[in-house]
1. Stokes-Einstein diffusion coefficient for the chain at 37 °C in a medium of 0.692 mPa s, Rh from the Kirkwood formula over Cα pairs: what value in µm²/s?
2. Run lengths n ≥ 4 of DSSP H only: what is the helix-derived mean residue ellipticity at 222 nm for the chain, with -39500 (n - 2.57) per run over all residues, to the nearest 500?
3. For the Cα atoms of the chain, what angle does the longest principal axis make with the long axis of helix 74-91, in degrees from 0 to 90, nearest 10?
4. Determine which lysines satisfy two conditions relative to residue 4: a Cα distance under 30 Å, and not lying fewer than 8 residues away in the same chain.
5. Could you list log10 I(q)/I(0) for region 32-76 at q = 0.26, 0.30, 0.33 Å⁻¹, which the Debye formula gives when each Cα is one point scatterer?
6. Along region 51-65, what does the Karplus equation 6.51 cos²θ - 1.76 cosθ + 1.60 (θ = phi - 60°) give for ³J(HN,Hα), rounded to whole Hz, x for Gly and Pro?
7. Specify which residue in the list 46, 89, 34 is farthest towards the positive end of the charge dipole of the chain, using unit charges on the beta carbon of Lys, Arg (+1) and Asp, Glu (-1), about the Cα centre.
8. What ranking, highest mean first, results for peptides 71-82, 46-57, 5-16 when packing means the other Cβ atoms within 10 Å averaged over each residue?
Amino acid sequence: MKAKRKIIVPTPEEDMAINAGIDADPDTYELSDAEFAELKPMRGRPRGSGKKVQMTVRFDADVIDAFKSTGTGWQTRMNDALREWLGNQNAT
């Protein structure tokens, strides 16, 4: 179940302060309506390398938990561990 997010809208005074900060920053500016209309939204995930194969596989829960506990990128680390195992098998 997804947690509902509470959106906090800035007060008019906070909005004015934000815009004043934007105006004072020499590295940025607000886009005109025409410039904003030219922007193209990004859709979906970036394309991958095309070398990966999606499949369903079952692992013991403790194995998955161990990899997940290492944080973001756990699937890549799991892939690397399997690749290292393959390398060790070919070496013997």
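Here, each number is a calculation from the coordinates, and none is a lab measurement. Remember, it's a predicted structure, so these values are computed and weren't measured experimentally. Here the Cβ positions follow ideal geometry from the backbone for every residue, glycine too, while neighbour counts run over all protein chains shown.
1. Numbers: Rh = 19.6 Å.
Value of D from the Cα-based Kirkwood radius: 167 µm²/s.
2. Values: 4 runs with 45 residues, N = 92.
Helix-only estimate at 222 nm: -15000 deg cm²/dmol.
3. Roughly 30 degrees, rounded to the nearest 10.
4. Within the straight-line limit of under 30 Å, residue 4 reaches these lysines: 40, 68.
5. Evaluating at q = 0.26, 0.30, 0.33 Å⁻¹ gives log10 I(q)/I(0) of -1.05, -1.08, -1.12.
6. 9, 8, 10, 7, 8, 10, 9, 10, 10, 5, 4, 5, 5, 4, 4
7. The one lying farthest along the dipole's positive direction is 89.
8. Details: 71-82: 11.6, 46-57: 5.4, 5-16: 8.2.
For the peptides 71-82, 46-57, 5-16, the packing ranking is 71-82, 5-16, 46-57.
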